Each structure stands twice: as structure tokens, then as C-alpha cells.
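A quick write-up on the structure given underneath.
Derivation of every value follows stated rules applied to the coordinates shown; laboratory data play no part. Keep in mind that what you see is a predicted model, and the values were worked out from it rather than measured. Using ideal geometry, Cβ is built from the backbone for each residue, glycine included, and neighbour counts are taken over all protein chains shown.
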Amino acid sequence: MEMQSNVGGPDKIARIVIGALLTGLAITGVIGAWGWIGILPLATGLLNFCPAYRLLGISTCKLKK
């Protein structure tokens, strides 16, 4: 399975911001362990690839496939 970019634009920025915020809050103990779930949107935003989007046939990336 080849990873083709399917996350771009505002979607990418939102994933990185939300992921970093949740992870940061988990590190500082402000929220519980569930905050570590922020690693998922952070990773998908940084890698420009979301496995769920691939399964659903969704792409917010403007790059040609």
C-alpha cells in the first residue's frame, strides 16, 4: 500500500493544532490519559496521510494523484 497524500490545506492545519494541543495538555496533566489520542491527528497532519480517508475515498489534498 502506497501512501499518497490525502490531507491538505485547512484540514492539515487543524489536525496539527488539535493534535499538538491535546498532546500538550496530556503531557502537562491538565487532561487525562485520553489526551494522548492527540498523537493520531498530529501524525496524520504531519504525514499528509490519513488511512481512514483512504478507506473512504476522501482527499482534501489538491495534489494530483
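Most mobile of Leu47, Leu22, Leu55 per a Gaussian network model of the chain (Cα springs, under 10 Å)? Of Leu47, Leu22, Leu55, the most mobile in the Gaussian network model is Leu55. Think of each Lys and Arg Cβ as +1 and each Asp and Glu Cβ as -1; about the Cα centre, that makes the dipole of the chain roughly 260 debye. Only helical runs count toward this figure. For the chain, summing -39,500 (n - 2.57) over DSSP H runs of n ≥ 4 and dividing by all residues gives -16500 deg cm²/dmol at 222 nm.
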